[in-house]
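Just below is one structure, and these are the notes that go with it.
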Amino acid sequence: MLLELKNVEVVYSGVVQVLRSVNIDVPKGSVVAILGANGAGKSTTLKAISSLLEIEHGEVSDGEILYQGKDIANTDPADIVRQGIVQVLEGRKVLEHLTVEQNLRLGAHFRKDRDVVAEDVERVFNYFPALRALLKRTAGYLSGGEMQMLLVGRALLAKPKILLLDEPTMGLAPLIVEEIVSCLKQIHAQEDMSMIIVEQNANAALSVADYAYVLENGRIVMHGPKEELQKNQDIQEFYLGLSIGQDRKSFREIKHYKRRKRWLG
Amino acid sequence: MTQITGVLGTDPRTIAGRSIPQLLLERASSFPDDTFLQKKHFGLWKPFTWSQTLNMISRYTYGLTALGVEPGDCVALISENIVEGFVAEYAILCRGALCAAMYPDMSVSEMEHILRDSAARVVFAEDQEQVDKALTLIDKVETLEWIVYFDDRGMWGYDHPQVLSVEEMERRGEGFHTKFPEQFEQVVGSVGLRDVAIISYTSGTTGLPKGARLSHEFLLDSGYRLMDAFNVKHGHEYLSYISQAWAAEQICGIALGVLAPMVVSFAEKPETVPNDLRELAPEFLLFTPRQWEMMASGLQANMFDAHPLVRRLYEWALATGKKHRDARGLSSKLRMAMADLLVLAGVRDNLGLKRANAPLSAGSGLSEEIFTYFHAIGIPLRNLYGATESGLVAAHWKGTFNARTMGQLLPVDPTIGTLLVADVSDTGELLLSGGARFSGYHNNPDASAESFNEAGQFRTGDAIRITEDGDMIFLDRVKDLRTLANGHVYPPQFLENNLRSSPFIKDAVIIGDENYDRVSVLINIDAEICGRFAERNGLGFGTFAELSQLPEVIEQIAKTIAEVNQMLDAPSRVASFCCLPKELDPDDAELTRSRKLRRNVIFDRYATAIEALYGDDDECDLEVVIKYQDGRESVVRSVVTIKRMENADD
Amino acid sequence: MLPSGIIFKSYAAEEAFLVTRPQKLVFALFIVALFLFPMVGSTYLVGTVSVMMITMIAVLGLQITVGMAGQINLGQSAFVGVGAYVTAAMAVNYELPFWLAIPIGGLTAGLTSILFGLPAARIKGFYLALTTVAAQVMFPLAISRLPQSWFGGSNGMSMPSMELFGYEIWGQTGLYLVNLCFLIVFTTLAFNLQRSRVGRAFIAIRENDVVAPVMGINLVKYKILAFFIGAVFAGISGGLYAYYVTYVTAEQFTLWLSVIYLGMLLIGGMTSPLGAIFGVIIITFLQETTHEIGGYLSGRISFVDESVLFPATNILLGAVIIAVLIFEPHGMVRRWRIAKAAYRIWPNPHG
Amino acid sequence: MRNTVLSAKSLRLTFGAITAVEDISLQVKTGQICALIGPNGAGKSSFLNCLSGFYSPSSGTVEFEGEDITGLTPFRRAEMGMARTFQGNQTYQSMTVRENILSGFHSQMRSGLLGGLLYWGGVQQENAHFINLAEEIIEFLELEPLRNTLVGELGYGLRKRIDLGRALGLNPKILIMDEPMAGMNTEEKGDLARFILDIRDARNIPIILVEHDMEVVMDISDEVTVIDWGKVISSGPPDKVRSDPKVISAYLGGGVV
């Protein structure tokens, strides 16, 4: 097992418990998706892994995060990046005033093998040909899709063993979503890398992932291989969209009351 | 003792021959500007005075007239507890019609049975959800003519000719009002005390629900019994929370509401009830044992997260409350005062029970532990014993609180006259006479005849023991006392109740009848408490199924069972158990809507597990079909651990 | 949160500051105790509390400008100065009674602030802070350059004593009572403002000044209004101060004092007028204690004298402010709220 | 015949050498849900900012209820009844849910600084009156259990709902929604879609919806306008737009995910 979360609990400001006893396994080379409603604790899970909780006054209060067998909970975030866990944060935070090239190179700033970096940059361009033309452009003026590509590219330059992606398709046009998803598939196929994808767009996430967890109120309520989850009726209705499953329903026909969820393992 | 006789009540607010609508009219003319109903709306508590309420009732009544409802017809109601629901029911009664109320989470098929059986001509449906359910039946149930909804949200797209808003119904009634201005009072005047007011469908644990016909007198008499026994004062607040489909709410809310009269309050939404309860701090309230249990276990779960020092203080205060609440002597009183000041007053305040002078637990089955827990924190919880057909029979009202008993026979309204008499038959069954009489089952003369013996006593079907002090102890349903293959008789209910009182256990289903020679049990764990327990102990789990099969959780359950086993003779003890990998759910018909166990269904669905309980394997593969509300199904598979108790054979 | 068993039937009742009977009782007792305090306190103590109350009014004003509306102001002490000088001028040159002179001082301070608030319509943060520092720098220059007959030039001005209905308000006790009355009035005003339409607009601007205009709030108007009302409070405080110290000079109103005001607000908590009150009490207490200790030490240790004590006190104050910012960036008000909530839900750990 | 509520005529917006909006026209009629879609960077946000008054267009006019509002400031437009919701979290975090929604009523309230300070009877009455209106919105958006919760303590999905509630407080004659569905799962989208339809049906407020979720857009909108490179490339009813090859190649793609 490359990464294992064991009974991880996360508490913000010492009072607000966000994660309760979360267990997630990421085998080497696999892509794991985390689904869940807003506020369920998906982003928190990623931040717990990459040790970014401290900025928001949070901490892993209990449990272990084992990376290659070693507990990395609450360690220095820079150290975690060095060990190969790289997160692409949600909200597309590029360094606006730097050029695309400068942004990309920042991803490799701690690497010692400078000579290989140029090669890696070239590989990033192979995945995202659009970036090559934008090399000298100021990052702040890129479109949402281009920024997302830049950020994934930047993360790749850090030579991750695990790539954590937080809502990579949020707010992107359908065509761009497709492009990003196919790039992620390609990257997974060609690089020796695991991924954890947190997504609201469950269709997109499940098309890349091979295993998924469903979080609700900070707890895992369901997990399984993607084929199994795709068959589940709750997942279909609450995540995959109304049109999937049987006869198509329209958003126009949504009732003023809710069907109860039946989370079952 | 095999027979005791009750007493007459002394409260002057007697029924004196008036039916519910007549009382209503009288109260409205005596206290027109006092608050009768009250609801939380837009963040404020909005009062409805007696005159406002009566006005609303009269408009609804004329509306019903306009829809063609005649005295003696039946009108159904499916709604959460809201002002409109109460007004609608009073309007039905004022029209001289019968009301059949349903649980709001009833499925379409349950609803169909009730609408068909009661031959309801109109159904009041709270909102879009209920209208949708009723609409699927409007062509199937021939008697059903109209669906009237209260909440118009999402209804603007509906144009079914038989669906109308309550405002539209009122509008249609206006013509009748101008044409027959006296009609409302005339009909109210003609509604007799002995007339049937409601058809209360008892959530049958077997078969289809039966409709019990309850008269005005029957409801009011039971209301009077509570009022007299618990000194319910004019103007006391009552939080209407349990469904109108339950006879107890008909007695406490509808009948006692006008008899006392009380201020009947309604929460803003079902999910804000705890908060609204806290705001109101009502004097009078009635919960089911399960609701009390949930309240206690919720508090317990909260205290799990408290600072260790606070927890110790809390536990000290609880212990002090248990030990010294009624003790005399200065040091006891001082300690009690300390515990009260430091902890217990806060607990009561948080629950909104600081003013509750008659918090009642209706129905059997509240465990001794929960009962003493509430007494320890200073909440004078009382057991209340009764049934839809027998009315309210006994309660703790004479100043003694023995958690194991159901209390003493209640005082009957003096204008009804006949005293309650409780007899225990040779088979151990409680037979009742006196007070207002049950009017039989709707459309079911056989069942009606069966419910009385030759002497005219009502057969409760409960196995009851009467103590020397005149307290009644509920043993079990007579038909539920069970015999094992080896001839041993044991009380399954007793086991279940005591097991359920553990915070870790939500439901326990006892197995063991003439086919088996040992007792075993299926456990439905309490996910919240077990989850916290697992978290505290660093145990990993994802789903409910995984949690339920954690060895440590099973060990914890085994400990609880061992404790309960201690209280029984060896052959009655639980010999083996397993934890169910899914929660019991009314949607799967495993529970009734009032969360009673449906044994046949459970036995059927978990047959594999039950077989394993009496076999030799340590685990079994279980497949369960689950049903979604829209009728879809899927199959869940899991491995269930079978645990055997070591002390079972000593 | 309130104790159980309290229901509201009108929004006005819900908005009330004091709801339960014990709350009202404790509050009434507290006010009575404040009025009776001079009878038991020493002259020194009564004087200290008097100054504290005067400071509170200035910091309450700062709470409105900085805390509520989010407009940084490093020149509050200059506005206090304007209030003090104008009050003095009114009392001396026009022989106006204090109850007229002080409000005129307050209004003038408010109007002056508009001059420096105007830039806030365009700039924020660091740049705005600099503009308000300019007010602070210009204040002594302006005083010394204006005709001597107006404000006494660089000599300062001597104050007459307060009179009410022909009676002289006399000694520390009299001043204390006047200050207390002003404080009660202005605290009420500040609390009122917070729950009003204008207060909400201020908070909206503080929270998100991109969204606020789209929600119909005129940014320029409300930013200036925030400066204005904050400076009115400062001016009132200045007027009271003038009467208290009986002599005003420009040196009394320094940039350092403005910083201290801000420090008080930070420690107390920016988001509520209560923060201003807490902050002033805490800082005054610290100052007084260090003075005490310093006085004690200076008699015994040879190198400890004024030249050491003054900076030492300030270093200590700075350290306390930094410590609070690290451990409780939301100030004592947040601690107070947490404690109150914990009391209400006791013994539950969370609601 | 439906009235035109808002119309933008040949809007053009340039920043120096960059042209953000080249030529966009849009008409919104009473009771219509108009969707505005297009690739990221096509100029949607710039166009919206012209409508709200953050940017003034280099050429072209914006008319609202027949009046030219091209040069008006954002707060004046809000007073006239133009409301909008924002991308991401843009609520007032330190206010409660009720206060956030109440703040939307700002331009309908009258009390000023003096009234706020003194808080005398008339001001209290005004406040109570508008709290009542705010509570109507709270009920509409099903936020009752949270009315006194600080918005900062709530999750993203609820904040979006409060953002909507605040905009409704303006008693708008038109509502502009900027990517309301972003970051929501199907269930939350369903809730929000229902609210949007209810706003249109029960309050008859026309809506401009900028959104990438095609499932929602194609389901609930009456009119779809597609823009790319600052220009309208297609517009019309959803079915027509959906099958427009220009739209498919610039925006929709194969629709695999």
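The values are calculated or read from the model by the stated rules, or taken from the named source; none is laboratory data. Quick caveat: nothing in here was measured; it's all calculated off a predicted structure. All Cβ positions, glycine included, derive from the backbone under ideal geometry; neighbour counts span all protein chains shown. Accessible surface areas use protein heavy atoms only, side chains included; no ligands, DNA or RNA. Shrake-Rupley method; radii C 1.70, N 1.55, O 1.52, S 1.80 Å.
Suppose we keep just the DSSP beta bridges with both residues in chain B; what percent of those would be antiparallel, to 5?
About 60 percent, rounded to the nearest 5.
Give me the inter-chain shielding for B:581-588: mean count of other chain Cβ atoms within 10 Å, whole number please.
Average neighbour count from other chains, rounded to a whole number: 2.
Summarise the partner chain shielding of D:105-115 as one whole number: the mean count of Cβ atoms from other chains within 10 Å of each residue's Cβ.
Average per residue, whole number: 5.
Determine the distance separating the Cα centre of the stretch D:1-67 from the Cα centre of the stretch A:80-157; give it in Å without decimals.
Taking the Cα centre of each part, the stretch D:1-67 and the stretch A:80-157 sit 34 Å apart.
Given a cut-off of 23 Å, name the pairs among B:479/B:559; A:28/A:231; B:39/B:354 whose C-alpha atoms lie farther apart than that in the structure shown.
Correct reply: B:479/B:559; A:28/A:231.
Can you give the accessible area buried between chains D and C, summed over both chains, with a 1.4 Å probe, in Å² to the nearest 100?
3100 Å²
Specify the angular offset, from 0 to 90 degrees and rounded to the nearest 10, of the alpha carbon long axis of helix A:144-157 from the longest principal axis of the alpha carbons in chain A.
Roughly 70 degrees between the two axes.
Mind scanning B:233/B:398; A:6/A:70; C:124/C:340; A:93/D:231; B:133/B:627; A:255/D:189 and naming the pairs with a C-alpha gap bigger than 23 Å?
Where the Cα-Cα span goes over 23 Å, the pairs concerned are C:124/C:340; A:93/D:231.
Taking 1 over the mean of 1/r across every pair of different Cα atoms in chain D, what Kirkwood radius in Å do you get?
Across chain D, the inverse of the average 1/r is 19.2 Å.
Rank these residues by their accessible area, most exposed first, probe 1.4 Å: B:156, D:120.
My answer, sorted largest first, is D:120, B:156.
If chain B were replaced by its equivalent ellipsoid, with semi-axes equal to the square roots of 5 times the Cα gyration tensor eigenvalues, what would those be, largest first, whole Å?
Value: 41, 30, 26 Å, ordered largest first.
Using the Cα centre as the reference, give the magnitude of the dipole from point charges on the C-beta atoms of the protein assembly as shown (Lys, Arg: +1; Asp, Glu: -1; all else neutral), rounded to the nearest 20 debye.
So the magnitude is around 4160 debye.
What's the long-distance tail for the stretch C:77-125, i.e. % of Cα pairs beyond 18 Å?
Value for the stretch C:77-125 (Cα pairs over 18 Å): 36 percent.
Calculate the tail of P(r) for the stretch A:3-231: the fraction of all Cα-Cα distances greater than 26 Å, expressed in %.
35 percent
Report, in debye and to the nearest 20, how large the dipole of the stretch B:417-464 comes out about its Cα centre when Lys and Arg carry +1 and Asp and Glu carry -1 on their Cβ.
240 debye
Is there a quick way to get the dipole size of chain B? I mean about its Cα centre, with the Cβ of Lys and Arg at +1 and of Asp and Glu at -1; what is the value in debye to the nearest 20?
2040 debye
If you take the beta carbon distance between residue B:55 and residue B:635 as r and set R0 to 51 Å, what does 1/(1 + (r/R0)^6) give as a FRET efficiency, to the nearest 0.05?
Result of the calculation: an efficiency of 0.40.
Looking only at the protein assembly as shown, where both bridge partners belong to it, what percent of the DSSP beta bridges are antiparallel (to the nearest 5)?
Just about 60 percent of them are antiparallel.
What total accessible surface area, summed over both chains, is buried at the interface between chains B and C, computed with a 1.4 Å probe and given in Å² to the nearest 100?
Summing both chains' loss of accessible area gives about 1900 Å².
Among B:522, B:568, B:534, whose Cα sits farthest toward the positive end of the charge dipole of the stretch B:498-573 (+1 at Cβ of Lys/Arg, -1 at Cβ of Asp/Glu, about the Cα centre)?
B:534
How far, in degrees from 0 to 90, does helix D:156-169 lean away from the longest principal axis of the Cα atoms of chain D, to the nearest 10?
80 degrees
Enter the buried accessible area of the B/D pair, total of both sides, probe 1.4 Å, in Å² rounded to the nearest 100.
Looking at B and D, the buried total is near 1000 Å².
Over all Cα pairs of the stretch B:311-435, how is the pair count split among 5 Å bins, expressed in % and running from 0 up to the last occupied bin?
Calculated P(r), rounded to whole percents: 2, 10, 17, 18, 16, 12, 8, 7, 6, 3, 0.
Using the charge dipole of the protein assembly as shown (Lys, Arg: +1 at Cβ; Asp, Glu: -1 at Cβ; taken about the Cα centre), state which of C:128, B:248, D:103 has its Cα farthest towards the positive end.
In the protein assembly as shown, that residue is C:128.
Using only Cα atoms, locate the centre of the stretch B:6-80 and the centre of the stretch C:229-284, then give the distance between them in Å, rounded to an integer.
For the stretch B:6-80 versus the stretch C:229-284, the Cα centre distance is 61 Å.
State which helices in chain C qualify, where a helix is a whole DSSP H run, it must extend 30 Å or more along its own axis by its Cα atoms, and its mean Kyte-Doolittle hydropathy must be at least 0.0.
C:171-194, C:219-245, C:273-298, C:306-327
Give me the inter-chain shielding for D:35-43: mean count of other chain Cβ atoms within 10 Å, whole number please.
That average works out to 4.
Rounded to a whole number, what % of the accessible area of the protein assembly as shown do carbon and sulfur atoms account for, probe 1.4 Å?
Carbon and sulfur together cover 56 percent of it.
Where does each of B:354, B:323 land when they are ordered by accessible area, with a 1.4 Å probe and the largest first?
Result of the area sort, largest leading: B:323, B:354.
In square angstrom, what is the accessible area per residue of the stretch A:10-136 with a 1.4 angstrom probe?
47 Å²
For chain B, what is the mean residue ellipticity at 222 nm derived from helices alone (per DSSP H run of n ≥ 4: -39500 (n - 2.57); sum divided by total residues; nearest 500 deg cm²/dmol)?
Value at 222 nm, helices only, nearest 500: -10500 deg cm²/dmol.
Rank B:177, D:61, B:57 by how far each Cα sits towards the positive end of the charge dipole of the protein assembly as shown (+1 on Lys, Arg Cβ; -1 on Asp, Glu Cβ) and give me just the farthest.
D:61
Report relative contact order for chain B in percent, whole number only (criteria: Cα-Cα under 8 Å, sequence separation at least 6).
Value for chain B: 12 percent.
Let a ≥ b ≥ c be the square roots of the eigenvalues of the Cα gyration tensor of chain C; is it rounded (a/c under 1.5), or, if not, prolate (a/b larger than b/c) or oblate?
Judged from the Cα gyration tensor, chain C comes out rounded (a/c under 1.5).
Sort D:125-138, C:326-339 for me by packing, meaning the mean count of neighbouring Cβ atoms within 10 Å per residue, highest on top.
Descending mean neighbour count gives D:125-138, C:326-339.
Report the convex hull volume per residue for the protein assembly as shown, counting only C-alpha atoms, in Å³.
Measuring per residue, one finds 236 Å³ for the Cα hull of the protein assembly as shown.
In degrees from 0 to 90, rounded to the nearest 10, what is the angle of the helix D:186-203 Cα long axis to the longest principal axis of chain D?
So the helix axis and the longest Cα principal axis differ by about 80 degrees.
Arranged from highest to lowest average of other beta-carbon atoms within 10 Å per residue, in what order do the peptides B:21-27, B:243-249 appear?
In descending order of packing, they fall as B:243-249, B:21-27.
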